[in-house]
Amino acid sequence: MRSHLAAALAALALLTPVPARAAPPERDSGYLSTKAGPGRFPLVARGVAAPIVTSANDYAGVLRAAGDLRSDLGAATGVTPRAAQDAFPGGRDPIIVGTIGRSALIDRMVAGGRLDTRGIAGKWETSLQQVVDHPLPGVRRAFVIAGSDQRGTIYGLYDVSRLIGVSPWHFWDDVPVPHADALYALPGRHSQGTPKVKYRGFFINDENPATGTWAPAYFGPGKAPGYPGGLNADYYAKVFETMLRLKANYLWPAVWGRAFAEDDPANHATASYYGVVIGTSHEAPMMRGIEEWNRHPAGTGEWSFRRNPDAIKNYWRAGIERMRDQDIEGVVTLGMRGNGDVSLPDGDGTDLMDSIIDTQRQILAEEGMLGAPQVQTLYKEVQRYWDQGYRPPDDVTVVFCDDNWGNMRKLPDPSLPARSGGYGLYYHFDYVGDGRNYKWVDTANLVNTWEQLHRAYTSGVDRLWVANVGDLKNEEEPTQFFLDYAWNPDAIPLDGIKAWERRYAAENFGTPLSAEIAEILSRYGVLQSRRKPELLNRRITVDPAKDLHTDPSAVIYDDQGNPFSLTDYAEMDRVVGEWVALADRATRLRERVPDAWRDAFFQLVYYQVAATANLYELRRAEFTNIRYAAQGRAATNDLAAEAEARFAEDQALNAYYNTELAGGKWKDWQLQPKIGYGNVARYGPNAPWQQPELNNVALPDEIYPYLRRIEVPAGSSLGVALDGGDATTLPEFSPWQAQARQYIEVYNKGTAPFRYRITAGQPWVHVTPASGTVDKQIRAGVSVDWRRAPAGVTDVQLKVEGAGSTVLVRAPIRNPALTPRGFAEANGYVSIPATGFDRKAGAWQVLPGIGKAGDGMTPAGGGSRLDYRVTLTSSGPVRISALLAPRNGQLRYAISVDGAAPQTVDAVAATGANDTTMNRQWARNTSDNVNVTTTTHEIAGAGTHTVSFLAIDSAVILQRLIVDTGGVKYSYLGPPTSRRF
């Protein structure tokens, strides 16, 4: 554990500017090059830029985006092209930009046979980039960017910008544009294809305190009198530009106390100008945000279709009239939920929902808008209507949802007839609700995200995809992955995820550092997905004496419990060590990042890695402090000081973000609480899941549970702990064990140092160091010389002496008289990774790093079985736990030992996890990111056995099997992987 000084030095190093480095990073150029060559078209060469020519009758959004390309070329080369409409200035070979059927220039080229638009024309959002000889009279040569429609042309423009080196995150993360002396377009026909998912976008949500604090200060307040929401047209212009650079087309605007149409009357017009499709969230029907209703209660009354139908209908009609009159391109949300993201106050009968949607459709028809795209989003309780048999009209897109934690709740039944409206999905990278808010940093695991998106897409979900991205900033990598996959799932197969991460890193930091950055981000996603940072002081356990299915009190939420074990399997130390090692890698890499990219690296890589690692160190110090206080250790107060130093480092990271980063651009962005959760006394009954309203500024109150300090008495007093815990028996020793070396901790409960000595009852048991002086505490490792240890089980006594006292410790030592094969039992368990099978039947897919317990195995066909060889040292009953990804619906598997009759388990039904009611067991499974079920099997005798796992449902993702022969201790990740022979 680092000292106050080390923490202070680390914070100081963070604030010290990184020295400038050499040339800007290189990037993969695609169909652009910095070098001249045969047939290459000079966009910029020898200090001269090709003019950008558009047609005056093209879409306003195309003309605007052409201006962005002009600026991007200027930023990259220092030479800004001239802009012209329907003319070719200076006799220079031009860049011609236009939309088929809208641009007179493009249409003349097509009519004259100079531009072949077959495969492009008539498509949705499709673009073409091509060097064309003699495209028009008097024009020798041109680089043509043509689109099938408005967004097709815009995406074509921005694709060129990305190849120039302009990151989609250039505004949100201060990614600079690399310099190029010259840029050339390669000959040939280039297209990014047609998107596979028609509507692709995100939901800005849970936007307080970050966006809600920063945006009004940066862009100015909202324009609506009395409602200074701050998310005005200037703010949304930056969002829209980023969307289009990411090839997104669809937005749910922010909703927390904000009304898109009212906060700034120019918001809708700005969306139309940019060419972005506007929708509304699952709780906001008929193109009106729920906040609009909340702002005018005197004229509208209760949000109830049964009790206040006329006001509701008028309200909905006004939204559709606005959509029609302002010519808003939008997707209309149908249905109705209660005000405040809750279920309807009128009940949930399907007759009510049928009446609501019929009424909404009638309004659309009366206003001439029935042809507008429409969706019903099956979020939370709304899915019950579908489950009870309700079906909206066939042209309505049915949007299936995840459970807010990245697990899809339902997908289309392949036996149902196709819907003309198709299917969509709503997914989360940010969430407010049970088991706990997660809003601070990116916690997505891309393999998990890929698996769920792939399953959805191959199930026919391809009409509309939207992801909750919180503030957008902080969720850059998963947002871009989501949108790239939606554009073309075939371009990102499972084994292409790492290549995608390298491209993402290269796009922002250049090719030379991309592999290392991608490795850090990949490892970060694996570590982070084990458990959300906000949940690091919450352990959820089950009272085995109570019926989980009938007694809600059976589930215990312990907000003073460390989810990782401080004592068994060295778990907390191992986990913290992994985070510290990753942060050290990021710190070393930061020194090599070119100076101009330092701010971007801090935002996209360094902060989230370093701050999370620091938080883990804080939690280790905090919970160790609480344990030490209970034991009366002299080191107790040192751990309190360490926790406070970690807290200070957290605040230093935030302060740098909020005051100095990018010259102060992100003032007060990094305000999201993540430490003080769970304090019911301070924050009320929602404290277990809702964020604390204070921003962790009042020590010691905001480090919760509270730190402990004790008065250490004078003199010296012997204390002994085994593997950190209060016990008199060490874990059983075995030559096959995989866990770290056992140790005896000798600690002082007084202020005066004392001499200690540890004596083993057998010469083949060694203690290191066996004697010495204890100031506050020491660890003495215990090991066995297996060449001399007798076969069988032997109890060896160890005597610990010091400060005038003696403590006797028992060390059970098992030296099996067996030849191990496969995974060998030791310390009372066998822990088997899913990928450690000896034989398999059927097709399986490996999902690397998908879960908290390691790689996953999922069936890719029927009859899928995995056989695992194990060696056990005893006979009798054993318990076998299967650790699965916490998916919803049916999650059935069967398991057997040595060919006995398989035991079938439905892991969802067995645990009682209900994603429809989102009950406590569901909260436990999603918070723990695993579903654990256990079966009992009879073992005939010691020796080698075969454990067989059969996947019945395709959603099964096995991560680990744990065979408990009586020795498994509590740990969050499960016992370490057993040795394999």
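Quick query: amide H of ILE710 versus all other amide H atoms, modeled in the peptide plane; which residues come in under 5 Å with a sequence gap of 5 or more or a different chain?
For ILE710, whose amide H was placed from the backbone, the distant partners under 5 Å are ASN637.
Report the extension gain between ALA515 and PHE981 in nm, rounded to one decimal, defined as 0.36 nm multiplied by the number of residues separating them, less their alpha carbon distance.
Details: separation 466, 0.36 × 466 = 167.76 nm, distance 3.41 nm.
Additional length available on full extension: 164.3 nm.
Can you give me the long-range amide H partners of GLN192? Hydrogens built in the peptide plane at 1.01 Å from N, cutoff under 5 Å, separation of 5 or more residues or another chain.
Residues meeting the amide H criterion: SER127.
For the range 709-762, run through the GluC sites (Glu not before Pro) and keep only the ones in DSSP coil with at most 13 other Cβ atoms within 10 Å of their Cβ.
Details: sites: GLU711, GLU732, GLU745; in loops: GLU711, GLU732.
Within the range 709-762, the qualifying GluC sites (Glu not before Pro) (loop, at most 13 other Cβ atoms within 10 Å) are GLU711.
In angstroms, what radius of gyration and Dmax does the range 260-413 have, counting Cα atoms only?
In Å, with Rg to one decimal and Dmax whole: 15.3, 45.
Starting from the amide H of VAL399, placed 1.01 Å from N in the peptide plane, find each other amide H under 5 Å away whose residue is 5 or more places distant or on another chain.
GLN376, THR377, LEU378, GLY424
Work out the FRET efficiency for LYS665 and GLN797 from their Cβ-Cβ distance, taking R0 = 45 Å, and round it to the nearest 0.05.
0.10
What FRET efficiency do you get for ARG588 and ASP387 if R0 is 60 Å and r is their Cβ-Cβ distance, rounded to the nearest 0.05?
0.70
With θ taken as phi - 60° and the coefficients 6.51, -1.76 and 1.60, list the Karplus ³J(HN,Hα) couplings across the range 120-126 in order, rounded to whole Hz; mark glycine and proline as x.
After applying 6.51 cos²θ - 1.76 cosθ + 1.60, I find 10, 4, x, 7, 8, 6, 10 Hz.
Dipole size in debye (nearest 20) for the range 32-187 around its Cα centre, Lys and Arg Cβ +1, Asp and Glu Cβ -1?
It comes to approximately 440 debye.
To the nearest Å, what is the center-to-center distance of the range 267-300 and the range 613-689, using C-alpha atoms only?
The range 267-300 and the range 613-689 have Cα centres separated by 38 Å.
Hey, rough spin-label estimate for HIS454 and LYS546, points 7 angstrom out along Cα→Cβ, what's it come to in nanometres?
In this crude spin-label approximation the distance works out to 4.0 nm.
Can you give the FRET efficiency to the nearest 0.05 for ASN488 and ASP116, using r as the Cβ-Cβ distance and R₀ = 30 Å?
0.85
Just one of [x] 47, 33, 32; [y] 54, 33, 29; [z] 68, 38, 22 is semi-axes √(5λ) of the Cα gyration tensor in Å calculated from these coordinates, so which is it?
Read-out taken from this structure: [y].
Helix-only mean residue ellipticity at 222 nm, the chain, DSSP H runs n ≥ 4 weighted -39,500 (n - 2.57), per residue, nearest 500. What is it?
Result for the chain: -9000 deg cm²/dmol, rounded to the nearest 500.
If each of ALA740 and ALA909 carries a label point 7 Å out from its Cα toward its Cβ, how far apart are those two points in nm?
If labels sit at ALA740 and ALA909, their model points lie 4.3 nm apart.
Are any of the pairs LYS247/LYS498; LYS223/LYS247; LYS473/LYS498 more than 25 Å apart by Cα-Cα distance, and if so, which?
Beyond 25 Å: LYS223/LYS247.
How far apart, in nanometres, would the label points at LEU808 and ARG324 be if each is projected 7 angstrom from Cα along the Cα-to-Cβ direction?
For LEU808 paired with ARG324, the spin-label model returns 9.2 nm.
Along the range 487-504, what does the Karplus equation 6.51 cos²θ - 1.76 cosθ + 1.60 (θ = phi - 60°) give for ³J(HN,Hα), rounded to whole Hz, x for Gly and Pro?
5, 7, x, 5, 7, 10, x, 3, 7, x, 5, 5, 5, 4, 5, 5, 5, 4
Subtracting the Cα-Cα distance from 0.36 nm times the residue separation, let me have the gained length for ARG779 to ARG709 in nm, one decimal.
Value of the extension gain: 22.9 nm.
Convert each backbone phi in the range 61-70 into a coupling constant with the Karplus relation 6.51 cos²θ - 1.76 cosθ + 1.60 (shift: θ = phi - 60°), then list the ³J(HN,Hα) values in order as whole Hz, x for Gly and Pro.
Values per residue, Gly and Pro as x: x, 5, 4, 5, 5, 4, x, 5, 4, 4 Hz.
Take the alpha carbon gyration tensor of the range 499-644, find the square roots of its eigenvalues, order them as a ≥ b ≥ c, and report rounded if a/c is under 1.5; if not, report prolate when a/b exceeds b/c, else oblate.
Working: a/c = 3.28, a/b = 1.74, b/c = 1.89.
Oblate.
In nm, what is the difference between 0.36 nm times the number of residues separating ARG108 and SER415 and their Cα-Cα distance?
Net length gain for the segment: 105.6 nm.
So for the chain, averaging the separation of alpha carbon pairs under 8 Å that are six or more residues apart and normalising by length, what relative contact order in percent results?
Averaging sequence separation for qualifying contacts and normalising by length gives 9 percent for the chain.
Here, each number is a calculation from the coordinates, and none is a lab measurement. Predicted, not measured: the structure shown is a model, and the values here were computed from it. All Cβ positions, glycine included, derive from the backbone under ideal geometry; neighbour counts span all protein chains shown.
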